[in-house]
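Everything below concerns the one structure shown next.
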Amino acid sequence: MIISSTDTTSLRSPILIMAERAALIRAQGRDVIDLTLGEPDFNAPPHVLEAAHAALEGRLTYSPSNGIEPLRYAIRMRMKAIRNLDYSDDQVAVGCGAKQIIYNAFQATLKQGDEVIVPAPYWASYPTMIKMCGARPLMVPTTLEAGYCLTAEALDAALRVARSPKWVILNAPGNPSGSLYSSQQLSDIAEVLRRYPGVMVLSDDIYSEIRYTDDVYQTLAAVAPDLTHRILIVDGVSKVYAMTGWRVGWGCGPTPLITAINSVQSQSCTQTSTLSQVAAVAALTGPQTLVKERNAIYRQRRDAALNVFEACEAIDVACPEGAFYLLPRIRTIKDDQAFALTLLEVGVATVPGSAFGMPGHLRLSFALDESVLIEGCERLVQKIKASA
Ligand SMILES: Cc1ncc(COP(=O)(O)O)c(C=O)c1O
């Protein structure tokens, strides 16, 4: 695909643009609290670092494109443990983060004119990746009142008007909503999907283990096993183990799709780093206590931020059940992009909701120190009150 210079500008991540602006302001010696980035503020667990150090003693050679065998095995065991799903070895692809698996899947399956159903709010990279493959994202709005979940009715309406639908994206806990689907909601969605046999589902479960409920994690493949051959589950170590920079993610799905994803992988970057793969095995197979401890910390931060927002009538905000983002809707603002820029002047960086298909909202990450987070939220509330 040929991209014009204008397109190249629009392909830049709005999240990174705001983070860069915040960094620039900080470099000028001004104080700014950065609530933009979707990255844990912890490090990888100690046993992961030890495994990586030990691996450095040996030779780090090319690995198979679909990852080292112990990693594929650990992923399959994780799929069984968390979702009660069985995958064979040829149904697992390993890539440079969940992002690359998603990109490879679209690259392998989409052609000019195809369509992908994208419920809004959405992770800002989905529409861009879809367009990079010559296809078209079809946004389906959801509402705060409906918990930002795609309803079966809205999905059906979108599929009815679509001319060449290839994928539906489901992301839970969602970025930026933090919403989860109940098994009933997923059953209703499955019922619709059964009427459209040519449509695949991208189940982006990257935040599946950062949740604030004790309920069993619900994913479409577990709720509707008859659809498993049409579902690609995507997950990785970035968020749950605070390993964003290690670049390990995976996809589990039907063998022909996984084979195609592996082909794109082998002809682009060959594999993700062998060292990172060894570290990912340690993350998946080692002690999991840190995951729970960190989730308790995130939860406390979430509640502290919500507590600040409670005092502001102009803010409507859902309580996220997972991930580490808040998506406040600000009743008094007309233009969320302009408002995010004025917020920078009072020392708080956020991402305008438009970047996620949610004008009138802002996205805030709560993956940062609680007292700094509270200060950032208070600055936001003060600015809203001052602008009213
Ligand atoms: C919803 C969602 N999917 C996928 C990714 C990509 O994660 P990774 O670091 O594994 O590429 C992100 C990262 O922010 C995300 O928010």
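What follows is calculated from the coordinates using simple rules that are stated; it is not laboratory data. From a predicted model like this one, the values you see are computed outputs, not experimental measurements. Counting neighbours? That spans all protein chains shown, and the Cβs are built from the backbone with ideal geometry, glycine included.
Between the residues Gly95, Leu364, Pro176, the greatest Cα displacement towards the positive end of the dipole of the chain, with unit charges on the Cβ of Lys, Arg, Asp and Glu, is found for Gly95. Residues whose amide H comes within less than 5 Å of that of Leu85, counting only those at least five positions distant or on another chain, are Lys80 (H built at 1.01 Å from N in the peptide plane). Express in whole angstrom the spacing between the alpha-carbon centres of the range 137-215 and the range 310-388. Each part's Cα centre sits 25 Å from the other's.
Annotation: peptides 80-91, 161-172, ranked by per-residue average of other Cβ atoms within 10 Å with the highest first, follow the order 161-172, 80-91.
Return a whole-number percent for the relative contact order of the range 233-388, with Cα pairs under 8 Å and 6 or more residues apart as the contact set. All intermediate terms of the calculation are to be shown ahead of the outcome.
Values: 169 pairs, mean separation 27.3, N = 156.
Result for the range 233-388 is 17 percent.
Ranking request for peptides 53-59, 92-98: highest mean number of other beta-carbon atoms within 10 Å first, then the rest in descending order. Walk me through the numbers before you get to the answer.
Values: 53-59: 10.1, 92-98: 25.4.
The packing order, highest mean first, is 92-98, 53-59.
Taking the Cα centre of the range 59-285 as origin and assigning +1 to Lys and Arg Cβ atoms and -1 to Asp and Glu Cβ atoms, the resulting dipole is close to 640 debye. Our summary gives the chain a relative contact order of 24 percent, counting only alpha carbon pairs under 8 angstrom and 6 or more residues apart.
Between the amide H of Leu138 and those of Val116, Ile117, Val118, distances stay under 5 Å, these residues lying 5 or more places away or on another chain, with hydrogens modeled in the peptide plane.
Over the chain, what number does the Rg to Rh ratio reach, with both radii from the alpha-carbon atoms and Rh per Kirkwood?
0.96
Projecting label points 7 angstrom from Cα along Cα→Cβ for Asp156 and Tyr73 puts them 4.7 nm apart.
Its alpha carbons considered, the range 59-285 gives a radius of gyration followed by a Dmax of 16.6, 54 Å.
A Cβ-based charge dipole, computed about the Cα centre of the chain with Lys and Arg at +1 and Asp and Glu at -1, lands at about 780 debye.
Between Glu145 and Lys80, what FRET efficiency follows from the Cβ-Cβ distance if R0 is 35 Å, with the result rounded to 0.05?
0.45
The count of lysine pairs in the chain with alpha-carbon distances below 17 Å, taking only pairs 8 or more places apart or on different chains, stands at 8.
Could you work out how much longer the chain between Gln267 and Val372 gets when fully extended? Use 0.36 nm per residue separation minus the Cα distance between them, nm to one decimal.
Values: separation 105, 0.36 × 105 = 37.80 nm, distance 4.42 nm.
Between Gln267 and Val372, full extension yields 33.4 nm more.
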